[in-house]
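Just so you know, all these numbers are worked out from the coordinates, no wet-lab data involved. Only a predicted model underlies this, so the values are computations on that prediction, with no experimental measurement involved. Here the Cβ is made from the backbone with ideal geometry for all residues, glycine too, and neighbour counts use every protein chain on show.
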Amino acid sequence: MSQSLTKYLREEVFPTPFCPGCGHGILMGAILRAIDELQLDFQKMVFVSGIGCGAWIPSPHFKADTLHTLHGRPIAYATGVKLARPDLKVVVISGDGDLAAIGGNHLIHAARRNIPMTVICANNSIYGMTGGQVSPTTPKGAKTETTPFGNQETAFDLCKLVKACGASFVCRYTVFHIKPLIKALIKGLNTPGFAFLDVISPCPTQFGRRNQMPKIYEMLQDLKKRALPYDKAKARTSEELKERIVIGEYE
Amino acid sequence: MPERIEKSLLLPKKYFWSGNIACAEGALQAGCRFYAGYPITPSSEIMEHMANRMPQLGGVFIQMEDEIGSICACIGASWSGVKAMTATSGPGLSLMLEGIGYALMTETPCVIVNCQRQGPATGQATRPGQGDMMQARWGAHGDYRIIALSPWSSQEMYDLIILAFNLSERFRVPVIFLADEVIAHLKEAVLVRPEFVIFDRYKDKEKPPFGEALIPPMPTFGEGAALLVTGSTHNEWGVRKVQDSLAHEKLNIRLINKIEANKKEIVKIEQYFVDDCEILIIAFGITARSAYQAVKMFREENKKVGLLRLVTIWPFPEEAIREAGDKSKKVLVCEMNQGQIFYEIKRVLGDKKEVLPLFKTCGEAIYPWEVMEKVNLLL
């Protein structure tokens, strides 16, 4: 991490607990770069997270107020913080299992209410911390500890879901697309209403090694190969988009 | 100073309020400025009243998507420096338990009102019960001590909810307010006094917010304290210590000790004709009201019957029960459940004392004549 960003970090808690190749470190850096670019007052920000690997991005690493909450509930906690202290900037960082499975109800209702907060879904398509079980964003057919014969269920398109609920800003990027991701984070943090960023972050330990991508560069190559800009995706059928990751801002 | 005198929000006089309205007004008087809830009978009037009153007082009202969201929003608001409350009934309390455990672990002041009805499950939504006494005590997983109070009138829905907030702020602990459907809907005169003693949490961002002191100071978000708040095991500065046995034991024991060591200050009971009684009735909430009526009628007949009323349910008023129990020949425990407090009292008084039950879980309150009938068999 560059020198200019260390002021945002509790250096005494490093190294991070993330596995080798985990995308969450890249996401952590991207979030801090966006905050640095915006020159936000870090002491007037509250980072709320749930339970899981993604939730460990801010807690305990960020030297700001952090609220590490129950599994699935960070958005409900963040709602309380934001309504009680509208002057504070509230950012939720948590995983796909946390935000979209157990916490799905809070996600859709906070988006419907358009509560001013930035929600960053560190989406690795798996339950990493508990040993690699299927999540609501695991692609169809993928192997996990609880889908040994391939995932039978359809994954959530979280961007479509949150957009339909009424969020002000919705986008998806991957940690491979670092520059547009930082730009999107800047836009999300500047959004006056509910901003949602679905950030695809590879998990070689739990996802990659069960799906023929044990090396991080294989997973990053895969993200690069499957990514398709939102504008181009508009003209394609859902069948054509099956294997693709649609990136960009959702209208 | 954390303790201060606050003038009454309303004109000091008598009001004719249901318990639920008294509870909402009392909470506002205590300084509650954040309410998050979900509709459930028989507590909904508290939420409806808050929806009207909070905007008038510059507070926040939100109807959340469920009870889980409600307790979580309250905890978030509390760490943002605002006194917060939610109200519910049995099924809602069941959903809130994980959040209450989080509030216990993070030492977050907040008040949870439970207007008890008949359970388990949906049970009888519109009829009273006292079946959540043990859920209040042990509902969240893990080991802890909690505070729970039991009001017996509209007046106490007002006065005791203020006490509930004060205790919550003083000891940094969630307080469960164990009302019931009768008290919630009973309309009575409530006297609003001109002044109140209000306790606000002690703040000091230089000192560790989770240790050193038995009851550590609690800073607020946005004050530059760079707070680390987590429901995982943590050290005194909030840093996660999920593999450190000593850190867990130390934290857990302190969470218990801060209540145990201050039991004298917390526990509140009331005694009526206890000193010379042959039969001691122990009751709480609306049931104590019926028992009180029965005791008064016995005394008119010069029969030696007394009443010990538990105002604090948790921590359990063991000393008062032992003292009053020793003075009497027999003890009768009346409650709208199948013995949740009865067995606690047996534990305190031991096998030598004759302790008898009067339980009722049909969805009707225990009437004074039922208490009298039972006592007459014992006299």
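DSSP beta bridges fully contained in chain B are about 35 percent antiparallel.
The angle between the Cα long axis of helix B:44-56 and the longest principal axis of the Cα atoms of chain B comes to about 40 degrees, rounded to the nearest 10.
Considering only B:146, B:90, B:161, and ranking their Cα positions along the charge dipole of the stretch B:3-199 that arises from unit charges at the beta-carbon of Lys, Arg, Asp and Glu, the one farthest toward the positive end is B:161.
Spatially, the stretch A:31-81 and the stretch B:7-25 are offset by 39 Å when compared through their Cα centroids. If you take the Cα centroid of the stretch B:132-209 and the Cα centroid of the stretch B:351-378, the two points sit 28 Å apart.
Take every Cα pair under 8 Å whose residues are at least 6 apart in sequence, average their separation, divide by the length of the stretch B:41-132, and the relative contact order is 29 percent. Show which lysines lie in cross-link reach of residue A:82 when reach means a straight Cα distance below 20 angstrom and same-chain residues fewer than eight apart are skipped. List returned: A:44, A:63, A:187, B:83.
Can you list which of the chymotrypsin sites (Phe, Trp or Tyr not before Pro) found in the stretch A:118-200 are DSSP loop residues with at most 15 other C-beta atoms within 10 Å? The partial results should precede the final answer.
Values: sites: A:127, A:149, A:156, A:169, A:173, A:176, A:194, A:196; in loops: A:149, A:156, A:176.
Passing both the DSSP loop test and the Cβ count: A:149.
Seen against the Cα atoms of chain A and their longest principal axis, helix A:178-190 is set at about 50 degrees. Each peptide in A:244-251, B:110-117 was scored by the mean count of other Cβ atoms within 10 Å over its residues; highest first, the order is B:110-117, A:244-251. Between residue B:214 and residue B:296, full extension at 0.36 nm per residue minus the direct alpha carbon distance yields a gain of 25.2 nm.
Mind checking Rg over Rh on the protein assembly as shown, alpha carbons, Kirkwood formula for Rh? Before the final figure, lay out each step's value.
Numbers: Rg = 27.2 Å, Rh = 26.1 Å.
With Rg and the Kirkwood Rh in hand, the quotient comes to 1.04.
Over chain B, with a Gaussian network built from C-alpha contacts below 10 Å, which listed residue (B:333, B:197, B:173) shows the highest mean-square fluctuation? Result: B:197 has the largest fluctuation of those listed. With N as its number of residues, the stretch A:22-225 has a Cα radius of gyration that, divided by 2.2 N^0.38 Å, comes to 0.95. Among the aspartates and glutamates, which have Cα under 16 Å from the Cα of residue A:225 when same-chain residues fewer than 8 positions away are ignored? Within the straight-line limit of under 16 Å, residue A:225 reaches these aspartates and glutamates: A:240, A:243. By how many degrees, between 0 and 90 and to the nearest 10, does the Cα long axis of helix B:318-327 differ from the longest principal axis of chain B? Roughly 10 degrees between the two axes.
Treating only the Cβ of Lys, Arg, Asp and Glu as charged (+1, +1, -1, -1), what charge dipole size does the protein assembly as shown show about its Cα centre? Round to the nearest 20 debye. Walk me through the numbers before you get to the answer.
Working: 73 positive and 67 negative charges, 237 e Å.
It comes to approximately 1140 debye.
Using C-alpha pairs below 8 Å separated by at least 6 residues, the relative contact order for the stretch B:269-378 is 32 percent. Straight-line cross-link partners of residue B:360 among the lysines, defined as a Cα under 16 Å from its Cα and at least 8 positions apart when in the same chain: B:374. Residues of chain B were split at every exposed loop site, defined as GluC sites (Glu not before Pro) in a DSSP loop with at most 13 other C-beta atoms within 10 angstrom, and the longest piece left, sites excluded, is B:1-205.
Relative to the Cα centre, the charge distribution of the stretch B:269-378, modelled as +1 at Lys and Arg Cβ and -1 at Asp and Glu Cβ, gives a dipole magnitude of about 120 debye. Once you charge only the Cβ atoms, +1 for Lys and Arg and -1 for Asp and Glu, what is the size of the charge dipole of the stretch A:1-137 about its Cα centre, to the nearest 20 debye? Magnitude of the dipole: close to 340 debye. Note: relative contact order over chain A, using C-alpha pairs below 8 Å and six or more positions apart, is 18 percent.
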